[in-house]
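A quick write-up on the structure given underneath.
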Amino acid sequence: MFAYVARQPIFDVNRNVYAYELLFRIGEDNCFPDIPPDEATSKILTSTHLSLGIEEITGDKKAFINFHRDTLMYRFPTSLDASKVVIEIVETVEVDDALIAACKHIRGLGYPIALDDYDMEEKWDAFVPFTSIVKIDITEIAHETIPSLVKRFKSHNIELVAEKIETYEEFHKFKEMGFDYFQGYFLAKPEIVRHRKLGPSALTMMELLTLSSQTKLNFDDVNRIIERDPSLTYLLLRFINNPLINKRNKITSLRHALNFMGEVEVKKFIALLALANLNDGQPQELMQMALVRAKFCELVFISFKERENPLTGFLTGLLSMLDAMMEQHIDELVSKVPISDNVKDALCGEPGVLKDCLTLAKYFERANWSGIKKFSGKYNIQQTLLHGYYNEAMKWAHHVHVSAQVEK
């Protein structure tokens, strides 16, 4: 059985990722027949037992997973590691004494319980004594009533997640109210109130991005830039020497890397290195999203058997978060980097295959299954293949993140 999975980050007050909510579907119709999608999600989870592995999807973060009544009653969540998951009780479940007893038992085994899309109904009162987290959709509950809810839940030591946070203004508003965590797309929508100054380090990174996007990599120029900062050489060689990427050969120089890995792969690593440094001081999730998008767009673009620079799809995905990282408009940023016109057009929203690939990546981030199906039909590519590419991209991004960690 093939698992279709999307993940959506949940941030803490410092805009660091606390956890990911995992969303599952199955098959071309995205659900089991004749049962609700959220129940199908639970069945898929338990039948596949997360064939990808939770760690491959969420790294070292917790996984929030929706469960329907039947899987809670049969204690299916207990097949998972209690230290790695949060059990979300969906708002549509039928609540009775049997369900309450089952959830209390699951909590007693060490599994955190979260109430999803809390709707203020009395049926949830019985869950409060053993609930760890409550998620509130800020678009569904009047904002003036929320402070009293915060006070009530805080008195029970319950943490709160604000869902559907779309802007930094909303993030700050609900942070001030006392919410602990935030779920939404505010990070991907930069609040351009000022421009981050392009200091010497940032300018060096932009130079590296420029070189990595050229058709022919000039290693003399690369060496000239990197030799200004020995730590860059160390980072690059450490990255390439990581056993997750290179199991047999020790890379000793940039020239050696070119001979062993090939020019395209070396250009990818230079681009990754540059972007990671440009993201300095920003939430790490921006870089993670960029990594997933880069690998995913590369795989999809290659599947079209395009004859252009094979780095095109990769760069499109990788640079798609640059505006959020640099707090500048994307059209201003791409004008400073002589990347190909079709990559610039895609990043600036012009129609085309690359723009569609980038939009598809965003569909996966939002679990927009109908959008994925539409793309599949437009380009005559199987949905199973697209989901496989996205799974591979998430795993690759996780490995890159692990390999890029440098001891302080």
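One table, with the values for the structure above:
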quantity: Residues within region 168-200 that are touching a helix residue (DSSP H, G or I) at 6+ places or on another chain (Cβ under 9 Å), surrounded by 13 or more Cβ atoms within 10 Å (Cβ to Cβ) and at pLDDT below 95, tallied; calculated: 11
quantity: Flag for residue 161 being in contact with a helix residue (DSSP H, G or I) (Cβ under 9 Å, 6 or more places away or on another chain), hydrophobic (A, V, I, L, M, F, W, C) and surrounded by 13 or more Cβ atoms within 10 Å (Cβ to Cβ); calculated: no
quantity: Among (1) modelled with pLDDT under 90; (2) surrounded by 20 or more Cβ atoms within 10 Å (Cβ to Cβ), the one test that residue 316 misses; calculated: (1)
quantity: Single residue of 373, 378, 336 found to be closer than 22 Å to residue 212 by Cβ and not hydrophobic (A, V, I, L, M, F, W, C); calculated: 336
quantity: Residue in region 207-216 that is modelled with the highest pLDDT, counting only those that are surrounded by fewer than 17 Cβ atoms within 10 Å (Cβ to Cβ) and either aliphatic (A, V, I, L, M) or over 29 Å from the mean Cα position of the chain (by Cα) (or both); calculated: 216
quantity: Residues of region 129-149 classified as hydrophobic (A, V, I, L, M, F, W, C) and within 11 Å of residue 177 (Cβ to Cβ), total; calculated: 4
quantity: Candidates 327, 285, 350, 298 - the one that is acidic (Asp, Glu) and without any contact (Cβ under 8 Å) to a residue 12 or more places away in the chain; calculated: 350
quantity: Segments classed as helices (runs of 4 or more DSSP H), wholly inside region 13-124, with at least 1 members that are within 30 Å of residue 280 (Cβ to Cβ), modelled with pLDDT of 70 or more and of a type in the set (D, E, K, R); calculated: 54-58
quantity: Residue tally, condition more than 26 Å from residue 326 (Cα to Cα) and either buried (at least 21 other Cβ atoms within 10 Å of the Cβ) or at pLDDT 75 or above (or both), over region 255-292; calculated: 2
quantity: Filter pass, residue 378 being more than 27 Å from residue 274 (Cα to Cα) and among the charged types (D, E, K, R); calculated: yes
quantity: Extreme residue, surrounded by the most Cβ atoms within 10 Å (Cβ to Cβ), among residues of region 377-391 that are more than 22 Å from the chain's Cα centre (by Cα) and part of a helix (DSSP H, G or I); calculated: 379
quantity: In region 140-193, residue nearest to the chain's Cα centre (by Cα) [restricted to those that are over 21 Å from residue 7 (Cα atoms) and among the β-branched types (Val, Ile, Thr)]; calculated: 192
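Results for (1) in the same structural domain as residue 10 (by TED's automatic domain parsing); (2) within 19 Å of the chain's Cα centre (by Cα); (3) part of a helix (DSSP H, G or I); (4) modelled with pLDDT under 90, shown as yes or no for each residue.
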site	(1), (2), (3), (4)
328	no, no, no, yes
338	no, no, no, yes
354	no, no, yes, no
358	no, yes, yes, no
363	no, yes, yes, no
372	no, yes, yes, no
375	no, no, yes, no
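The values are calculated or read from the model by the stated rules, or taken from the named source; none is laboratory data. Just so it is clear, the structure is predicted and the values come from calculations on it, not from any experiment. All Cβ positions, even for glycine, are placed from backbone atoms using ideal geometry, and neighbour counts span all protein chains on display.
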